[in-house]
1. Return yes or no: is Ala209 buried (at least 21 other Cβ atoms within 10 Å of the Cβ), part of a helix (DSSP H, G or I) and over 21 Å from the mean Cα position of the chain (by Cα)?
2. Please go through segment 319-378 and give me each residue that is among the β-branched types (Val, Ile, Thr) and in contact with a Phe, Trp or Tyr (Cβ under 9 Å, 6 or more places away or on another chain), ordered by number.
3. Please list, ordered by residue number, the helices (runs of 4 or more DSSP H) wholly in segment 12-124 having 2 or more residues that are β-branched (Val, Ile, Thr), assigned by TED's automatic domain parsing to the domain that holds Thr189 and surrounded by 16 or more Cβ atoms within 10 Å (Cβ to Cβ).
4. If I ask for residues that are out of contact with any Phe, Trp or Tyr (no Cβ under 6 Å at 6 or more places or on another chain) and either crowded, with 23+ Cβ neighbours inside 10 Å or of a type in the set (Asp, Glu) (or both), which ones from segment 192-203 would you list?
5. Residues in segment 378-426 that are under 17 Å from Val281 (Cα atoms) and among the small types (Gly, Ala, Ser): how many?
6. If we scan segment 178-190, do we find a residue that is within 30 Å of Thr376 (Cα to Cα) and touching a Phe, Trp or Tyr at 6+ places or on another chain (Cβ under 8 Å)?
7. If I go through segment 165-203 residue by residue, how many of them are within 29 Å of Arg16 (Cβ to Cβ) and either in contact with a Lys or Arg (Cβ under 6 Å, 6 or more places away or on another chain) or assigned to a helix (DSSP H, G or I) (or both)?
8. Can you tell me how many residues in segment 383-421 are closer than 30 Å to Pro193 by Cβ, modelled with pLDDT of 95 or more and outside any helix (DSSP H, G or I)?
Amino acid sequence: MNLSMTDSTLIQPLHRATLSNGIVVLVTENPTADIIAARIFIRAGSRWEKPEQAGLTHLLSAVLTKGTETRSSLEIAEQVESVGASLSTDSTTDYFLVSLKSVSADFEEILGLAAELLRSPTFPQQELELERRLTLQAIRSQQEQPFTVAFDQLRHMMYGEHPYALSGLGTEYSVSQLMREDLLEYHRTHFRPDNVIISLSGRIRTEEAITLIEKTLGDWHVPNEPSPTLQLPTIHSTPVCKAIAQETQQSIVMLGYLTPSVVDNSITAMDDFPTTQDYAVLKLINTHLGNGLSSRLFVELREKRGLAYEVSAFYTTRLDKAQFVAYMGTAPENTAIALEGLHSEIDRLSATPLTNNELQTAKNKILGQYALGKQTNAQIAQTYGWYEALGLGIGFDRDFQAQIASITPDLAQAVAQKYLTNPYVSLVGPASAVQELAREF
């Protein structure tokens, strides 16, 4: 076992260990409350799905807690509820997650239950069929939501054959075809100890936490088969504009830009400037553009011009090329001017540097929200485990904040010029508002 500790500049004292079977353990001692929270990350996610199996990881996450070789779904629920604990599962594009929390005295019991779910789920057929129906209902419901329709279209345009092109829920066709054997095979392939990260935070000593995980999961042996490898199609940037006619009360206007992944070390060269990843700069730009009621898009397009029912931006954190997206919901008769306004505000980032006041406001906002996002044990466990799952390392906590603090107006402008100039455009709304506009764009 290899045990190390981060330097003292991190907000919490964080220890990292690797068990003999490959499980990575992160422990943050936080005795303030008699609670222990844990996040168990599996390096998997929907990017590992075959196109014809889209939605597999989501379905697996929904059924994982519905039965093991020794417990039924009801018995699992009763064990968790009897001690007032919580245990849940989730799937994302880049990882699979099991979350648990309990008072310190009950943590060993809940961790043991989570270990059983990880190692010996049975995916009962009856539970599978129920979750399949619920997933199909969710997919159909999303098809009635203009924002989701526009975002689905944008993903397809930007990612083509890459798994990121599809919703994590999958499609009606793919989910209908999934079989119990598909879940079992995915589980056999990806749920293995050398693919697992366990991040804990709470009232527990580091040595005690490592001993407990060793006791609970130390006999989980690494399979003879090598870890799975992933060959994904290359993502090419070929911006286009497409529209879907839908008789809705508002139009959705959405711009998308291909941008670096969180593990991309791209750096926009600036003379005599500290090394700052483009990822951090784009996170700052996103905060300035679309984060909150004081953001540029909200003030300029909703407050001043009255164009938007809703308007915002987001920059996804991904292992492969990410999306920088700005969007607006507007009255159908304002679709053309809304598209022009949204595009103009983003182009202004390339044409005119942020003022020192704008830049400082964005820094204060992003760093403040970053600090607030690590207040609870669950948030702390999530943050550090997430960094480890993405391959960033626990030092990213310090590095990201330092990079944000070092950004200048000139650097923000240079990064905007590099990435935010030629968008994909997705439009959804009444045919009279979007179809001709898409042909003209």
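1. Details: buried (at least 21 other Cβ atoms within 10 Å of the Cβ): yes; part of a helix (DSSP H, G or I): yes; over 21 Å from the mean Cα position of the chain (by Cα): yes.
Taking the combined requirement at face value, the residue satisfies it.
2. As a first pass, look at segment 319-378 and keep what is among the β-branched types (Val, Ile, Thr): 325, 330, 335, 337, 346, 352, 355, 361, 366, 376.
Across segment 319-378, the qualifying residues are Val325, Thr330, Ile346.
3. Details: elements: 56-63, 73-82, 107-119.
Correct list: 56-63, 73-82.
4. Arg192, Asp194, Val196, Ile198, Leu200, Ser201, Gly202
5. 6
6. If we filter segment 178-190 for residues that are within 30 Å of Thr376 (Cα to Cα), which is where we start, we get 190.
Now drop any that are not touching a Phe, Trp or Tyr at 6+ places or on another chain (Cβ under 8 Å), which leaves 190.
So far as segment 178-190 goes, yes, one or more of its residues are within 30 Å of Thr376 (Cα to Cα) and touching a Phe, Trp or Tyr at 6+ places or on another chain (Cβ under 8 Å).
7. Looking only at that region, the number is 9.
8. Residues in segment 383-421 being closer than 30 Å to Pro193 by Cβ, modelled with pLDDT of 95 or more and outside any helix (DSSP H, G or I): 0 in total.
The values are calculated or read from the model by the stated rules, or taken from the named source; none is laboratory data. Only a predicted model underlies this, so the values are computations on that prediction, with no experimental measurement involved. Because the Cβ atoms are built from the backbone with ideal geometry, glycine has one as well, and the counts that use them run over all protein chains shown.
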